[in-house]
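See below for the structure under consideration.
The values are calculated or read from the model by the stated rules, or taken from the named source; none is laboratory data. If you're wondering where the values come from, they're calculated on a predicted model, not measured in any experiment. Glycine gets a Cβ as well: all are built from the backbone with ideal geometry, and neighbour counts include every protein chain shown. Note: accessible area is taken over every heavy atom of the protein model, side chains too, but ligands, DNA and RNA are not part of it. Shrake-Rupley method; radii C 1.70, N 1.55, O 1.52, S 1.80 Å.
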Amino acid sequence: MRVLGIAGSPRRNGNTEILLDEALRGEKESGCDVTKLILNELEILPCQECGGCDEIGICVVKDDMRKVFEEIERANFIVLSSPIFFGSLTAQAKVVIDRFQGWWIAKYILKKMRDEGQKSGFFICVGGQERPDFFNNARMIVKNFFATASIKYVGDLYYPGINKKGEIKKCSAALKESFNVGKSFCKE
Ligand SMILES: Cc1cc2nc3c(=O)[nH]c(=O)nc-3n(C[C@H](O)[C@H](O)[C@H](O)COP(=O)(O)O)c2cc1C
């Protein structure tokens, strides 16, 4: 089984990346083949609404999104992590999601079916405040993205009230829950 971890935070080794790494550790222990993408290290232009995908259902902008598309196509299980930024996902995560417009066109307008087998996806999120409405907002965006990419949304973890870099390490239950995501959803 191929697993793709996507780190959406600009902060390296921050709270969401720590949780993502725990999930990926669980997946590796289950014998899965694991790849991790750090979105902030990729050069990805926001969707230019150029219409290039309208007839073909494929994004025509040539940048590091090609790597993201390729990895998502190869993966069976996707773990997306992002902190809450202004009640939503990070810009890094949102830019990637918007670039899936070609896939939206392919699926809903051109009715082109992808034949890559069933994919599943999980969302890991941390916020500094106690704002379940912000998390619900982020979750809806991820659900919509997963539906577009034909990724079955199988669950999420959300930890509010966590702000400082690495603060999540003090929360052993959170680390364990993330590790268990990797362990329970991934089979060799
Ligand atoms: C630009 C910015 C915007 C933020 N907006 C919110 C917010 O709207 N709600 C919230 O709960 N936390 C917000 N936070 C706090 C982060 O979600 C929190 O610090 C989180 O632990 C960061 O995770 P990371 O270490 O993985 O980057 C914001 C942080 C930044 C830097």
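Of everything in segment 141-152, what is touching a strand residue (DSSP E or B) at 6+ places or on another chain (Cβ under 9 Å) and either open to solvent by less than 50 Å² (accessible area, probe 1.4 Å) or more than 19 Å from Q92 (Cα to Cα) (or both)? Give them in sequence order.
Of everything in segment 141-152, those that are touching a strand residue (DSSP E or B) at 6+ places or on another chain (Cβ under 9 Å) and either open to solvent by less than 50 Å² (accessible area, probe 1.4 Å) or more than 19 Å from Q92 (Cα to Cα) (or both) turn out to be I141, V142, F145, F146, A147, A149, S150, I151, K152.
Here's the yes/no breakdown for (1) within 16 Å of the ligand (Cβ to nearest atom); (2) under 15 Å from the mean Cα position of the chain (by Cα); (3) among the charged types (D, E, K, R); (4) surrounded by 23 or more Cβ atoms within 10 Å (Cβ to Cβ):
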residue	(1), (2), (3), (4)
N13	yes, no, no, no
L20	yes, yes, no, yes
G52	no, no, no, no
V60	no, no, no, no
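Out of G155, G166, G161, G182, which single residue is open to solvent by less than 50 Å² (accessible area, probe 1.4 Å) and at negative phi? Can you show your working first?
Values: G155 fails: at negative phi; G166 fails: at negative phi; G161 fails: at negative phi.
That would be G182, the only listed residue that is open to solvent by less than 50 Å² (accessible area, probe 1.4 Å) and at negative phi.
Restricting attention to segment 53-85, which residues are within 14 Å of S9 (Cβ to Cβ) and out of contact with any Asp or Glu (no Cβ under 9 Å at 6 or more places or on another chain)?
L80, S82, P83, I84, F85
For G117, work out the one condition from (1) touching a residue at least 24 places away in the same chain (Cβ under 8 Å); (2) in a loop (DSSP other than H, G, I, E, B); (3) within 13 Å of the ligand (Cβ to nearest atom) it doesn't fulfil.
(3)
Take segment 31-73 and flag every residue that is in a loop (DSSP other than H, G, I, E, B) and closer than 28 Å to S184 by Cα.
G31, C32
Taking segment 120-137 only, how many residues are within 6 Å of the ligand (Cβ to nearest atom) and not in a helix (DSSP H, G or I)?
Residues meeting the conditions: 5.
Taking only segment 74-88 into account, find how many residues are under 10 Å from the mean Cα position of the chain (by Cα) and either within 10 Å of the ligand (Cβ to nearest atom) or open to solvent by 10 Å² or more (accessible area, probe 1.4 Å) (or both).
2
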